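Note sheet for the following structure.
Every number in this text was worked out from the coordinates using simple rules, so none of it is lab data. The structure presented is a predicted model; accordingly, all values stated were derived computationally and were not measured. Cβ sites come from the backbone with ideal geometry, for glycine too, and all protein chains shown count toward neighbours.
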Amino acid sequence: MADKTNKAAPKKETVTVNIIPSLEPKLGRVYSNYVQVSHSQYDFTIRFGDTPPGGDVVRLKKGDNITIPNIVEIVVVPGLIPAIIKALDTNYKAFLDQFEGTPKKDKGTKVH
């Protein structure tokens, strides 16, 4: 005969934590002046690249191709996209409020 001891299911507890992102980049800081976004059924891919210096572009002829090195590729789940869009929108508006009409030499960096 099997022991049918009444074992109560463990209580579920809610734990609240604060997530604080480090400002130190794990892979180092990279510069990008090109971005490409694509998606699949499961994720979004954001590729950042760096176009060649202006002098190289000036020498191009109609129909030439430019290969832009893929510096970093970031893949995120679709659920993060609304938060990314909101963060970009908030920071872009703050950028415009802070720097619109400011001479380039006076511009600084502000983290939100």
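The dipole here belongs to the range 34-101: it is taken about the Cα centre, uses +1 on the Cβ of Lys and Arg and -1 on the Cβ of Asp and Glu, and is about 220 debye. Comparing Val35, Tyr92, Ile66 along the charge dipole axis of the range 34-101, the residue lying farthest to the positive side is Ile66, per the Cβ-charge model. Sequentially through the range 85-93, phi angles give Karplus couplings (6.51, -1.76, 1.60; θ = phi - 60°) of 4, 5, 5, 5, 4, 4, 6, 5, 5 Hz, Gly and Pro residues having no value and appearing as x.
Amide H to amide H distances under 5 Å link Ile71 with Phe48, Gly49, Asp50, where only residues 5 or more positions off or on other chains count and H is placed in the peptide plane. Rounded to whole numbers, the Karplus 3J(HN,Hα) couplings from phi for the range 95-101 are 4, 4, 5, 7, 10, 4, x Hz, using 6.51 cos²θ - 1.76 cosθ + 1.60 with θ = phi - 60°, and x at Gly and Pro.
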